[in-house]
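What follows is one structure encoded as structure tokens, with my remarks underneath.
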Amino acid sequence: DAGVTQSPTHLIKTRGQQVTLRCSPKSGHDTVSWYQQALGQGPQFIFQYYEEEERQRGNFPDRFSGHQFPNYSSELNVNALLLGDSALYLCASSSDRLNSPLHFGNGTRLTVT
Amino acid sequence: SQQGEEDPQALSIQEGENATMNCSYKTSINNLQWYRQNSGRGLVHLILIRSNEREKHSGRLRVTLDTSKKSSSLLITASRAADTASYFCATDGGNTPLVFGKGTRLSVIA
């Protein structure tokens, strides 16, 4: 049973460019959340997708957008990259049940130069 | 913004000793969860304690929750070198996303 998978594992981009990160949830999970984790900090919530709709959103600018596909996989897009966007981007899946814990992928390390 | 605040920020102990980490939060919660993260990897769920529970055990882990003080503690007994990781508390408000603290970095020295 595959857990949450993310691709790519590492990415280097230049300021102003755009990036797309991908996530496949754990089998049986229908909800996908994205988090940004800066070095030495805890994960910060970006947004959550359920039934192909953005259900909740954290305090991130519109440059951050996402999508969920019918097979529950998800993408995170970031436009007009800034140096401050350099971070570990974590995808987490869960079932839409109360008290359902998050299952995380190993993340995509994005470096913006 | 981060709701949970772990204390201490870093902890170094000898193998076999117990490790205690604390978490304080600000608003009412539905449950509180603890996660572990090995360097540069994803977080792994350790244990969940509901707001109406006061204590929970899982193997060498013991979690307490005091909703009147808005605080929780994670105790790892008989620590091992493999327990070296960062530990995060996360609060679930019910209709809000899981909010993580900044974490405690635990080093267990063999």
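The values are calculated or read from the model by the stated rules, or taken from the named source; none is laboratory data. Keep in mind the model is a prediction, meaning the values are calculated, not measured. Note that each Cβ is placed from the backbone with ideal geometry, even for glycine, and that neighbours are counted across all protein chains shown. SASA here: full protein model, heavy atoms, side chains in, ligands and nucleic acids out. Shrake-Rupley method; radii C 1.70, N 1.55, O 1.52, S 1.80 Å.
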Exercise. Any residues in the range A:20-69 that have 50 Å² or more less accessible area with all protein chains than in their chain alone, probe 1.4 Å, and which are they?
Worked result: A:P43, A:Q44, A:Q56
Seminar exercise, completed: In Å², rounded to a whole number, the accessible area per residue of chain B with probe 1.4 Å is 48
Exercise. Counting other Cβ atoms within 10 Å of each Cβ, which GluC sites (Glu not before Pro) in the range A:11-113 have at most 15 and sit in a DSSP loop?
Worked result: A:E51, A:E52
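For the range B:1-90, what is the charge dipole size about the Cα centre, in debye to the nearest 20, if Lys and Arg each add +1 at the Cβ and Asp and Glu each add -1 at the Cβ?
Working: 11 positive and 9 negative charges, 56 e Å.
It works out to roughly 280 debye.
Leaving out ligands and nucleic acids, and using a 1.4 Å probe, what accessible area per residue does the range A:32-85 come to in Å²?
48
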Seminar exercise, completed: Note: chain B at 25 °C, 0.890 mPa s; Kirkwood Rh on alpha carbon pairs; Stokes-Einstein D in µm²/s works out to 178
For this session: Give me the percent of the accessible area of the protein assembly as shown that comes from carbon and sulfur atoms, probe 1.4 Å, all protein chains in place.
Result: 46
For this session: Can you find, among B:S86, B:S73, B:L43, the residue farthest towards the positive end of the dipole of chain B? Put +1 on the C-beta of Lys and Arg, -1 on that of Asp and Glu.
Result: B:L43
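For the protein assembly as shown, what is the charge dipole size about the Cα centre, in debye to the nearest 20, if Lys and Arg each add +1 at the Cβ and Asp and Glu each add -1 at the Cβ? Please list the in-between numbers first.
Working: 22 positive and 20 negative charges, 77 e Å.
Approximately 360 debye in magnitude.
From other protein chains only, count the Cβ atoms within 10 Å of every residue's Cβ in B:22-34, then give the mean.
Details: counts 0, 0, 0, 0, 0, 0, 0, 0, 2, 3, 0, 3, 0.
Mean shielding by partner chains, rounded to a whole number: 1.
Over both sides of the B-A contact, add up the buried accessible area with a 1.4 Å probe and give it to the nearest 100 Å².
Details: alone 6070 and 6250 Å², together 10670 Å².
That pair hides around 1700 Å² of surface in total.
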Exercise. With every protein chain present, what accessible area does A:H67 have (1.4 Å probe, heavy atoms only), rounded to the nearest 10 Å²?
Worked result: 80
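For chain A, what is the charge dipole size about the Cα centre, in debye to the nearest 20, if Lys and Arg each add +1 at the Cβ and Asp and Glu each add -1 at the Cβ?
On the way: 9 positive and 10 negative charges, 90 e Å.
Charge dipole, chain A, about its Cα centre: 440 debye, nearest 20.
Relative contact order for the range A:1-98: what is it in percent, counting Cα pairs under 8 Å that are at least 6 residues apart?
Values: 212 pairs, mean separation 35.1, N = 98.
Contact order relative to length: 36 percent.
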Seminar exercise, completed: Comparing each residue of the range B:93-110 in the complete protein assembly with the chain by itself (heavy atoms, probe 1.4 Å, ligands and nucleic acids ignored), those losing at least 30 Å² of accessible area are B:P97, B:L98, B:F100, B:K102
